[in-house]
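Scroll down for the structure; my scribbles are underneath it.
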Amino acid sequence: MGLLPGSQAAAAPLQVVDWAGWKDESWLVALVQPQWVEDPTAIAALRQHLSALESLGMPARAQGLWVQTGSQILGEHQGLEPIPAASLTKIPTTLAALKTWGTAHTFNTTVGITGSVQNGVVQGDLVVQGGGDPLFVWEEAIALGNALEQRGIRRVTGNLVITGDFAMNFNADPQTAGALLKQGINADLWTGEAQTQYAKLPAGTPQPRLVIDGSVISLAQSPAFTPVLQHRSLNLAQVLKAMNIFSNNFIADSVARQLGGGSAVAQTAAAAANVPAAEIRLINGSGLGEENQISPRAVVAMLTATQRSLRTESLSVSDLFPVVGRERGTLGDRRIPPGTPVKTGTLDRVSSLAGALPTRDRGVVWFAIIDIGTADLSSVRAEQDRLLQALVGHWGEAAPVPPELQPSDRLPIYQQQLGDPARNLPL
């Protein structure tokens, strides 16, 4: 039935969940036979991949592979076995965030003052109450400083008080984040990095010079203050796109923490993808640590569940994950067929790759490749690329890429939206 030698399903009929049909937890007691398709092309390509890894000193028994189109499983190897998945962990983080919050969700930071404002000077403190924004960077601080100046605040005699869940430039330590914010809202304090990011903003963007006389103070409980404005983050879809393009661990772990932690993310994602919870074991949202383990089948099931979730909004996985030929990020010099949305993953001895391969003859082919061993990872990545090239070589390249994988023009590219003043709303 198209099973590879050494697969856990070779000795007995494989039982997998029909994730398209189950609406509750009935899969716990009623597993069904999948729809297998005898596909010599997929089987030969997977065997060749395993053989190449064996030559690199990576035994086939340690690897996990899954190839599927629609509900048809074309080939697999150790497909039900949860194994270290590295940054493929960001796939369940993405799915759980979508299911919990929706694409339009924002993480809101409230800014206010204690005391009064006299001639542009706050006779008191500036209070920043964080709301978990994981992508608050230099551009956002610059826009915030300009917004405060537009509200008539040019100087603060007191302190900058940080409270709530506030981070800046991927640093969650409140003292450090506060110091960066104090610098970001005052161009006289900028260093090279802040100046570099300012140069990316639209021409004519003002340079804020909001002076804070006091120190940065972190408080567990927010003091009483008068709200001045609300800073809204980029929407969740844009945050997730940035997270996945650059495989940003800080964003992923911040999102997962706000969802309840790794185990909660795993539970939500497993339910959304209709796969057994035992196939997704997470300790965080980023994939740092081999304790984050996912089966290849679950990886594909979560990708297709993400696609289904986005379809109602005329979006696709190409709007949340890097697309070959469109974004570089972690793709670097990979030789993956163009138009393929993918997620990469890397740990010391793990190289993983998953995505949606557009083909002429088989349509969209969903795949998960999790390779584990001590071989040079660049050689492993080259073999992964050869596997996908072999599949496209047999099934043909889809030209153009099918509409269901085309990125949406409705979703603004997040780089163009960083520092947008419209997301600072007066209160």
_Condition first: in a loop (DSSP other than H, G, I, E, B) and either within 22 Å of residue 350 (Cα to Cα) or in contact with a strand residue (DSSP E or B) (Cβ under 6 Å, 6 or more places away or on another chain) (or both). Now tell me which residues in the range 313-331 satisfy that._
321, 322, 324, 328
*strands (runs of 3 or more DSSP E) wholly inside the range 58-143 that include at least 2 residues being out of contact with any Ser or Thr (no Cβ under 7 Å at 6 or more places or on another chain)*: 64-69, 72-77, 108-113, 116-118
*Show the residue pairs that are 6+ apart or on different chains and have beta-carbon atoms under 6 Å apart, the first residue being within the range 56-78 and under 16 Å from residue 44 (Cβ atoms) and in the same structural domain as residue 368 (by TED's automatic domain parsing), the second being part of a loop (DSSP other than H, G, I, E, B) and of a type in the set (A, V, I, L, M, F, W, C).*
74/37; 77/4
*Tell me the strands (runs of 3 or more DSSP E) entirely within the range 155-259 that contain at least 3 residues that are buried (at least 19 other Cβ atoms within 10 Å of the Cβ) and touching a Cys at 6+ places or on another chain (Cβ under 7 Å).*
none
*Could you grab the pairs with beta carbons closer than 6 Å, sequence gap of 6+ or different chains, first residue in the range 159-178 and farther than 25 Å from residue 224 by Cβ, second one part of a helix (DSSP H, G or I)?*
169/180; 170/250; 171/177
*Within the bounds of the range 271-289, is there any residue that is of a type in the set (Ser, Thr, Tyr) and buried (at least 24 other Cβ atoms within 10 Å of the Cβ)?*
yes
*With respect to residue 374, determine if the residue is of a type in the set (S, T, N, Q), over 15 Å from residue 66 (Cα atoms) and without any contact (Cβ under 8 Å) to a residue 12 or more places away in the chain.*
no
*Residues of the range 242-269 being without any contact (Cβ under 8 Å) to a residue 60 or more places away in the chain and either over 16 Å from the mean Cα position of the chain (by Cα) or within 19 Å of residue 309 (Cβ to Cβ) (or both), which ones?*
260, 263, 267
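Which residues, taken from the range 248-301, are β-branched (Val, Ile, Thr) and more than 27 Å from residue 167 (Cα to Cα)? It would help to see each step written out before you state the result.
Of the residues in the range 248-301, the ones β-branched (Val, Ile, Thr) are 251, 255, 265, 268, 275, 280, 283, 294, 299-300.
Residues satisfying the conditions are 275, 280, 294, 299, 300.
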*Examine the range 355-376 for a residue that is part of a loop (DSSP other than H, G, I, E, B), in the same structural domain as residue 293 (by TED's automatic domain parsing), surrounded by 19 or more Cβ atoms within 10 Å (Cβ to Cβ) and not β-branched (Val, Ile, Thr), and state whether such a residue exists.*
yes
*Taking into account only those residues within the range 9-67 that are surrounded by fewer than 17 Cβ atoms within 10 Å (Cβ to Cβ) and among the acidic types (Asp, Glu), which is modelled with the highest pLDDT?*
54
*asked:* Let me spell it out: the conditions are (1) at pLDDT below 95; (2) buried (at least 20 other Cβ atoms within 10 Å of the Cβ), and residue 395 meets all of them except one. Which number is the exception?
replied: (1)
*Would you mind finding the one in 211, 239, 228, 216 that is hydrophobic (A, V, I, L, M, F, W, C) and within 14 Å of the chain's Cα centre (by Cα)?*
239
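Quick check on this structure: which one of 380, 342, 401 is in a helix (DSSP H, G or I), more than 22 Å from residue 37 (Cα to Cα), in contact with a strand residue (DSSP E or B) (Cβ under 7 Å, 6 or more places away or on another chain) and among the hydrophobic types (A, V, I, L, M, F, W, C)? Before you say what the answer is, go through the steps one by one.
On the way: 342 fails: in a helix (DSSP H, G or I); 401 fails: in a helix (DSSP H, G or I).
Residue meeting the stated conditions: 380.
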_Quick check on the range 320-328. Is at least one of its residues modelled with pLDDT of 95 or more and either more than 17 Å from the chain's Cα centre (by Cα) or assigned by TED's automatic domain parsing to the domain that holds residue 392 (or both)?_
yes
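Please enumerate the residues belonging to the range 290-312 that are assigned to a loop (DSSP other than H, G, I, E, B) and either within 17 Å of the chain's Cα centre (by Cα) or outside the structural domain of residue 94 (by TED's automatic domain parsing) (or both).
First pass over the range 290-312, keeping only residues assigned to a loop (DSSP other than H, G, I, E, B): 290-292, 295, 312.
Passing the criteria: only 292.
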*Would you say residue 127 is farther than 17 Å from residue 300 by Cα, crowded, with 23+ Cβ neighbours inside 10 Å and not aromatic (Phe, Trp, Tyr)?*
yes
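The values are calculated or read from the model by the stated rules, or taken from the named source; none is laboratory data. Since this is a predicted model, take the numbers as computed values, not measurements. Note: ideal-geometry Cβ built from the backbone for every residue, glycine included; neighbour counts use all protein chains shown.
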